[in-house]
There are 2 protein chains.
Amino acid sequence: MCVAWQGYNHSMFQFSITAKNNHARRGIFSTPHGDLITPVFAPVGTQATVKTLTPEHLKDINASLVLSNTYHLYLRPGDELVRDLGGLHKFMQWHRPMLTDSGGFQVFSLSKTRKIDDDGVTFKSHIDGSTHRFTPEKSIAIQENLGADIIMAFDECSDPTNKAYSAIAMDRTHRWAERSVKAQTRTDQALFGIVQGGVQADLRATSARFIAALDTPGIAIGGLSVGETKQEMHETLDVVTPLLPENKPRYLMGVGTPEDLINGVARGIDIFDCVLPTRLARHHSAFAPDGRLNMMNASFARDESPIDATCDCYACKTFTRAYIRHLIVAKELLAGTLLSIHNLRALIRLMEQIRVYIADGTFESRVPDLLERWGNNATRKKAV
Amino acid sequence: MCVAWQGYNHSMFQFSITAKNNHARRGIFSTPHGDLITPVFAPVGTQATVKTLTPEHLKDINASLVLSNTYHLYLRPGDELVRDLGGLHKFMQWHRPMLTDSGGFQVFSLSKTRKIDDDGVTFKSHIDGSTHRFTPEKSIAIQENLGADIIMAFDECSDPTNKAYSAIAMDRTHRWAERSVKAQTRTDQALFGIVQGGVQADLRATSARFIAALDTPGIAIGGLSVGETKQEMHETLDVVTPLLPENKPRYLMGVGTPEDLINGVARGIDIFDCVLPTRLARHHSAFAPDGRLNMMNASFARDESPIDATCDCYACKTFTRAYIRHLIVAKELLAGTLLSIHNLRALIRLMEQIRVYIADGTFESRVPDLLERWGNNATRKKAV
């Protein structure tokens, strides 16, 4: 008798919802490297390192899930090398849950030339211009070599405003999702299908139903935060999440700002990731409740207060704005480290607060206040 | 009755020698921010930060003394700002002993144009070309604003091979040392006079006697490791240290390599500082017992061993050479942080070992072995 391939070990990836507040959910997603309490924000460690931070820094800010990029690690140092050295967790010494994307987004956003066909994508390395090819099977093989707890089906991210192309890319994403599921050989990785469809409600509904039917242990929503308006993002989520199974975690890829996290949770999202906190840190910008701060601003030269008096991160508990500004002006790299710690902690702390509010039933009523408090971090700097 | 200005509080800066091994000494130098166990190596935090490291990293590697640069902090963020924010310890959150140099070396090495007269030096900022002037009185005023535990007399560092100039610079250094002592108003800082005189034995002897007679609570030896040969450095130390008082700490400025530390201790030096460990880290080079390692070397791509299996630093206890090489190749800043931790810990650990050997009376007999083990870190990279 031939037993059908199960794709993943159901008992290894249980998702339990422990509280609900309208659409917002608080839950526990168990993985081989520990339980994720959701909703959760994942720092991005593109090249097997969250830029400028040690794993100790990440534990200090209570990071639970770290994302790393399949495209980057395939090119450098190579997924087979990572596999031979014991996998990504051991390589970068991060022993909590990890997630890898499929490389689908990067072959479109980073490679200067690419050729897409129904079988896969041929692209050039952004490092040395060499030619490479990703297919769903190849993406899964790389992700199995890397060994993250959560892996992604190979997908095509289209221009959200081009409906004809969005339909083609969505269909291809669906075929590739089926092939990704079929290609999986490891049972200790949760493979998520990805909903695409641009900002067209009918395409998104079709895609949500198709991906839900694949019965993967979690579902990702891709192709957002790529140029569409906030309203389009919200409308898309409003179409998609009601069509997804209640009992599986939902991951909104590459999002976002504090405002996006609040709005995403309110629409039933459980997992987020974004490079924004660390990227802002490299540009001297700090999340703060009253609006994003440009820490190089001369007004901070003698400011003895911390970046954010309400923050419990190492940077805020230890250093003044004056010192951090000095490091920035003097071009000292420690500035980027301290601001990365602060910005990541700000989002992780926001998620901790949101989880408390969902548990005590007050999240829904607090959304306006949360948006009022955090909303302007997305769009403008504080006038100082 | 007029009481003569004492210059410093003797009871605050006691130096006790606890063990001797021929010329090598183990001692305790007490400062307002704690006791220094000597011989000691001080990491350099030029701009009020040891590059890429947090104070927690420095505590983890058992750093006890940190040096910062008067010239840099005067220009940026300004010594008055540091004073107004509570001084350098508070500004950079390093609450163990600190040392500032006088700025004398930097106005010669960093400023493109300078004009020296008997009163002081007029120089241009290496940052913006603006004109500034240091005198002994100005240097002491800046160092009092910064507030380090150990401060330096203003000195002139000459070309060691030019005897005529060395004599002029030495005389000026002596006048400036007298003026520096007179200019001091704080009693909680130990002001060290600086012995100069190039590599001329007669000048060095004259300078050692002159500076010793000033009765400062410690004595620095400047103008070495600036282009002279190793033999010239050793011969100079052999002339100078026997002329210095036994009961005061001796600081060899800007030195050095592991080899230099061993040779310096053997000649009676108690305090060292050098940018080498952190500078090498930025150039991917790691101290190791069998010779310096270029961590970018392709041979490390799959090397699962730590940088140095005998090292107890965070980098060596946590990561493989393969991972550190990956970070370097991928241009990730964490590489510099990890190599800085390792290289600084290597020198601090070497000093810890040396202190044990002095205490147990074996240092003198171990010098050949120590030099054999550490000597080639100075001059060549390991063949791999």
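The values are calculated or read from the model by the stated rules, or taken from the named source; none is laboratory data. Being a predicted model, the structure only gives us computed values, none of them experimental. Neighbour counts run over all protein chains shown; Cβ positions are idealised from the backbone, glycine included.
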*asked:* Looking at region A:175-193, can you tell me whether even one residue there is free of Cβ contacts under 8 Å to residues at least 12 places away in the same chain, in a helix (DSSP H, G or I) and surrounded by fewer than 24 Cβ atoms within 10 Å (Cβ to Cβ)?
replied: no
*asked:* Suppose we keep only residues that are surrounded by fewer than 24 Cβ atoms within 10 Å (Cβ to Cβ) and in contact with a strand residue (DSSP E or B) (Cβ under 8 Å, 6 or more places away or on another chain) within region A:41-52. Which one would you say is farthest from the other protein chains (Cβ to nearest Cβ)?
replied: A:Val44
*If only one of B:Pro289, B:Pro242, B:Pro249 is under 30 Å from B:Lys331 (Cβ atoms) and either modelled with pLDDT under 95 or not basic (Lys, Arg) (or both), which one is it?*
B:Pro289
*asked:* Take the conditions buried (at least 22 other Cβ atoms within 10 Å of the Cβ) and either touching a Ser or Thr at 6+ places or on another chain (Cβ under 8 Å) or at pLDDT below 95 (or both) and apply them to A:Asp270. Does it pass?
replied: yes
*Please enumerate the residues belonging to region B:296-318 that are under 29 Å from the mean Cα position of the chain (by Cα), within 11 Å of chain A (Cβ to nearest Cβ) and of a type outside the set (Ser, Thr, Tyr).*
B:Ala315, B:Lys317
*Looking at A:Val121, A:Val181, which is the one that is more than 30 Å from A:Pro242 (Cβ to Cβ) and more than 14 Å from every other protein chain (Cβ to nearest Cβ)?*
A:Val121
_Quick test for you: out of A:Gly197, A:Gly227, A:Gly222, pick the one residue that is within 21 Å of A:Ser109 (Cα to Cα), in contact with a Pro (Cβ under 8 Å, 6 or more places away or on another chain) and of a type in the set (Gly, Ala, Ser)._
A:Gly227
*Take A:Leu252 and decide whether it is assigned by TED's automatic domain parsing to the domain that holds A:Ala167, out of contact with any Lys or Arg (no Cβ under 6 Å at 6 or more places or on another chain), farther than 30 Å from B:Arg83 by Cβ and buried (at least 23 other Cβ atoms within 10 Å of the Cβ).*
yes
*How many of the residues making up region A:313-349 are touching a residue at least 12 places away in the same chain (Cβ under 8 Å), part of a loop (DSSP other than H, G, I, E, B) and crowded, with 21+ Cβ neighbours inside 10 Å?*
3
_Test: residue in region B:297-312 that is of a type in the set (Phe, Trp, Tyr), more than 21 Å from B:Ala63 (Cα to Cα) and in a loop (DSSP other than H, G, I, E, B)_ = no
_Quick check on B:Asp84: is it over 17 Å from the mean Cα position of the chain (by Cα) and either under 22 Å from B:Arg282 (Cβ atoms) or among the acidic types (Asp, Glu) (or both)?_
yes
*Just checking, how many residues over region B:255-265 are part of a helix (DSSP H, G or I) and surrounded by 22 or more Cβ atoms within 10 Å (Cβ to Cβ)?*
7
*asked:* For region B:90-118, which positions are basic (Lys, Arg) and either within 14 Å of another protein chain (Cβ to nearest Cβ) or closer than 17 Å to B:Arg179 by Cα (or both)?
replied: B:Lys90
